[in-house]
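Visitor: Structure below; questions to follow.
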Amino acid sequence: MSTPQPARDLVRVLVADDQALIRTGFATILDAQEGLEVVGEAGDGGAAIDLARRLRPDVVVMDIRMPVLDGIEATRVLAGPYVLDPVKVLVVTTFNLDVYVYDALRAGASGFLLKDARPAELIAAVRTVAAGDALLAPAVTRALIGRHATRLRTPVPEGSPGTGSLTPREVEVLRLVAVGRSNAEIASDLFLSYETVKTHVSRILTKLGLRDRVQAVVHAYRTGLISTDT
């Protein structure tokens with residue numbers, strides 16, 4: 001007898017947090033939503049890696065400060081730049097730990113959310129990341145990048161793609177992505193259709209060898225296309 005496969009539109013979620021109350025709360029909120037299923041819970045980074053590899057969830061909701069292995073290292077193992085089959089990771093944290101969020105994004109996370117976010121925001125964040133879009137709250141992202149601009153502007157390795165391969169329009173779109181504008185907002189700003197903007201973003205990521213919008217933001221700052229005064 002063949003093993004039943006989950007419905008294609010079902011988003012399978014793993015929740016990793018060392019605080020049982022928060023972990024259970026997130027799991028309860030997400031599992032109650034149509035189209036979302038919490039397939040596992042982990043109380044430390046090591047367990048998160050083991051469960052993610054075994055269960056292959058669509059999204060891991062990952063805390064940062066956890067025992068055994070913290071969320072940053074767990075994210076790097078599951079979604080780092082050299083992982084062949086990365087898992088989408090949504091990092092949850094508190095605002096005063098933004099330095100760790102920066103490290104988590106560099107480690108391969110697809111986005112981040114504050115722990116005091118409303119349930120609806122958590123649900124929307126999981127759906128966004130599962131759909132393949134990076135979650136970047138503009139205000140928090142700009143504050144985060146502003147605090148770590150020096151680290152972002154470290155020299156780009158020789159041979160790494162800059163922006164020379166992009167068309168002027170794609171450079172314009174990348175600038176707006178880097179300051180946290182959504183596809184809908186970019187479409188409005190540039191008087192383009194939403195689908196056209198999606199195509200531009202996809203081409204930008206392909207040309208620059210980037211995985212998602214998070215990496216595009218970091219790339220824009222590292223190459224000097226955007227400054228914190230923009």
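Visitor: How big is the charge dipole of segment 11-135 about its Cα centre, in debye rounded to the nearest 20, if each Lys and Arg gets +1 on its Cβ and each Asp and Glu gets -1 on its Cβ?
Guide: 200
Visitor: Still on this model: Take the Cα radius of gyration of segment 156-222 and divide it by 2.2 N^0.38 Å, with N its residue count; two decimals is plenty.
Guide: Segment 156-222 yields a ratio of 1.04.
Visitor: Could you work out how much longer the chain between residue 56 and residue 207 gets when fully extended? Use 0.36 nm per residue separation minus the Cα distance between them, nm to one decimal.
Guide: Full extension from residue 56 to residue 207 adds 51.5 nm.
Visitor: In whole Hz, what ³J(HN,Hα) sequence does segment 67-73 give by Karplus (6.51, -1.76, 1.60; θ = phi - 60°), x for Gly and Pro?
Guide: For segment 67-73, the Karplus-derived couplings read x, 6, 8, 6, x, 5, 5 Hz, x marking Gly and Pro.
Visitor: Also, I was wondering about something else. Report ³J(HN,Hα) in whole Hz for each residue of segment 34-40, in order, from the Karplus equation J = 6.51 cos²θ - 1.76 cosθ + 1.60 where θ = phi - 60°; Gly and Pro get x.
Guide: 5, x, 10, 9, 7, 9, x
Visitor: If the chain between residue 117 and residue 172 were fully stretched, how many nm would it gain, using 0.36 nm times the residue separation less the Cα-Cα distance?
Guide: So the chain would gain 16.7 nm between residue 117 and residue 172.
Visitor: All other residues with a Cβ under 13 Å from the Cβ of residue 42 taken together, and with Lys, Arg as +1 and Asp, Glu as -1, what is their net charge?
Guide: -4
Visitor: Given the peptides 28-38, 70-80, 103-113, 211-221, arrange them by the average over their residues of other C-beta atoms within 10 Å, most packed first.
Guide: Per-residue mean Cβ counts within 10 Å order the peptides as 103-113, 70-80, 211-221, 28-38.
Visitor: For segment 166-230, give the magnitude of the charge dipole about the Cα centre (Cβ charges: +1 Lys/Arg, -1 Asp/Glu; no others), in debye to the nearest 20.
Guide: Result for segment 166-230 is approximately 240 debye, rounded to the nearest 20.
A short reminder: the numbers here are calculations on the coordinates, not readings from a lab. From a predicted model like this one, the values you see are computed outputs, not experimental measurements. Note that we place each Cβ from the backbone using ideal geometry, even for glycine, and neighbour counts take in every protein chain shown.
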